[in-house]
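See structure below.
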Amino acid sequence: MFDILIKNARIVDGTGSPSFQGSVGIKGEKISAVGDLSDAQAGTVIDANGLAVSPGFIDIHAHSEFTLLADPRGEGKVMQGVTTEISGNCGLSAGPLYGDYFERRKGDLKELGLDLSWHDLDEYFDLVETVGTSLNFASLIGHGNLRGSVVGYGNRKPTEKEMERMKSLLRDSMKAGGFGLSSGLIYPPGVYSETEELVELAKVVKEFGGIYASHMRSEGDKLLEAISEAIRIGEEGEIPVQISHLKTGGERNWHKLEEAFELIEAARLRGVDVTADRYPYIASSTDLDAILPSWAYEGGVDEELKRLSDHDTRDRLKKEILTQHPKDDYWETVMVAAVDTEKNRSFEGKTMAEVAREMKKEPCDALFDFLREEKLRISAIYFSMSEENLRRILQRPYVMIGSDSSARAINGPTRLGKPHPRTFGSFPRVFSKFVREEKVLTLEDAVRKMTSLPAQRLGLKDRGVIKKGGFADLVVFNPARVHDTASYTEPYAYPMGIRHVIVNGVFVVRDGAHTGAMPGKVLRK
């Protein structure tokens, strides 16, 4: 007698092997049987005729460390079929938080209606467990947290004492259950670090069997140099490398993809464990001030705002930005996603070209004044990538799917601005666009990239594959109809075709609706 029986399903088991017809029986939080269960009985029976059942999707690249506290339903993720997500990417995690970095993060929590009440990762994990969540949650440890908590936002090397303190914080965070180190090398304070600093920290991660995931120093003009640096950090630190959201940013860099593959694959051949992730869209999303050169960030928010107010510094900034982006139509490719104040709310969803026209200013002046008014708290979407390159990236066997987004809902405290549609559509979009329409991937390979591949990357032995004894994290979906509905202008829209989602043996989505259940676990390495 099973608690739940999913019968007559097309089982896509996550390994990449051909799918097969059968049933899955669940007892408690585990899968109890897989195969021909025609005579079995269960408390709940799901007839999945015409539907597929796969392992729950593992979002290898997420940013939900704060949004899941504000709204633990995690609807934007579980409605896509995500049952486990890995946050703490791009150098920013929920802990450790001390000094200047603690103060900087207070603003992130304020807009979500939260108070920052913890300092270390262990305290944060305890808080998540107390609040509860609909999906499983794991975290990397942000290099930005380490540097910001110890060195602050200065453009300098850490002293020997500071380096030891960073290592100590990292070691404590790994002991608390972190899965590795992440870096965000275009953001302050990570942008000020040297390769040797990251190698030294990687050696600490090695003690715990963790990984190094990097939002690299460049994804455009210096893409190849950045890939080489990420590989070097993993090679010298002797830990696996995860290249975050692999891309070729800017049309002038699209031709570099083959060389990027060659660098990665040469490293893999000589024994460096290098993999990558990618979201299925050609627009990226980050802070609007990412347009500024890195020297503008030095010293933190107050210093950056002073530079944006100084006439001579603005002239220098303008010259460097226009050298980097000389074409007038560049500003048409940058869309405002979210602002902090009600005054500028009407700019959300508009391009910076439109913002400049409404302000009756040149684009650079509009950018500087807009950032000043919002105290830098503006996120944006950047349209800069190639569809053909995206297809080729997704086809690489070592590339997995990651949303690069936080868990949000179409209502409640996390409905803020106009976030990237990947927030609600990443995983269904892979099936509709790249499996069904363009036939870039098979269904089995797409599922592998969402399940067993990220599970292997992180060492999650009992998740990511449909097998007896594994955790019952499962998705029942219609492979012929599953598709994303979120757009850049209307992102708050759940996908279609995801019928049921089960986390640790409990329905969190039943017949396409969230059940309100909170069976998710904090996964500690």
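The values are calculated or read from the model by the stated rules, or taken from the named source; none is laboratory data. Small disclaimer: the values here were computed from a predicted structure and weren't measured. Using ideal geometry, Cβ is built from the backbone for each residue, glycine included, and neighbour counts are taken over all protein chains shown. Areas reflect the complete protein model, heavy atoms only, side chains present, ligands, DNA and RNA absent. Shrake-Rupley method; radii C 1.70, N 1.55, O 1.52, S 1.80 Å.
General observations
- Restricting attention to the stretch 480-511, the residues being more than 24 Å from the chain's Cα centre (by Cα), part of a loop (DSSP other than H, G, I, E, B) and not aliphatic (A, V, I, L, M) number 3.
- Only residues that are over 24 Å from Met335 (Cα atoms), of a type in the set (Lys, Arg) and in contact with a strand residue (DSSP E or B) (Cβ under 9 Å, 6 or more places away or on another chain) were counted across the stretch 419-443, and they come to 1.
- Just so you know, in the stretch 42-64 the residues that are farther than 30 Å from Ser93 by Cα and among the aliphatic types (A, V, I, L, M) include one that is surrounded by the most Cβ atoms within 10 Å (Cβ to Cβ), and it is Val53.
- Scanning the stretch 298-343 for residues that are in a loop (DSSP other than H, G, I, E, B) and among the β-branched types (Val, Ile, Thr) yields a count of 2.
- The condition of being open to solvent by less than 30 Å² (accessible area, probe 1.4 Å), in a loop (DSSP other than H, G, I, E, B) and either out of contact with any Gly (no Cβ under 6 Å at 6 or more places or on another chain) or modelled with pLDDT under 95 (or both) holds for only one of Asp39, Asp13, that being Asp13.
- Any hit, the stretch 273-296, residues being more than 29 Å from Gly234 (Cα to Cα) and basic (Lys, Arg): no
- First in the stretch 262-287 and more than 20 Å from Met385 (Cβ to Cβ), second anywhere and surrounded by fewer than 22 Cβ atoms within 10 Å (Cβ to Cβ) and basic (Lys, Arg), Cβ under 6 Å, 6 or more apart: Val274/Arg268
- Residue in the stretch 506-525 that is β-branched (Val, Ile, Thr), at negative phi and modelled with pLDDT under 95 present: no
- The lone exception for Gly497 - which of (1) closer than 20 Å to Asn136 by Cα; (2) open to solvent by less than 30 Å² (accessible area, probe 1.4 Å) it fails: (1)
- Conditions (1) among the β-branched types (Val, Ile, Thr); (2) without any contact (Cβ under 8 Å) to a residue 40 or more places away in the chain; (3) buried (at least 17 other Cβ atoms within 10 Å of the Cβ); number of the one not met by Thr442: (3)
- Any strands (runs of 3 or more DSSP E) falling wholly within the stretch 115-219 and containing at least 1 residues that are without any contact (Cβ under 8 Å) to a residue 60 or more places away in the chain and closer than 21 Å to Ser64 by Cα: 180-184, 211-215
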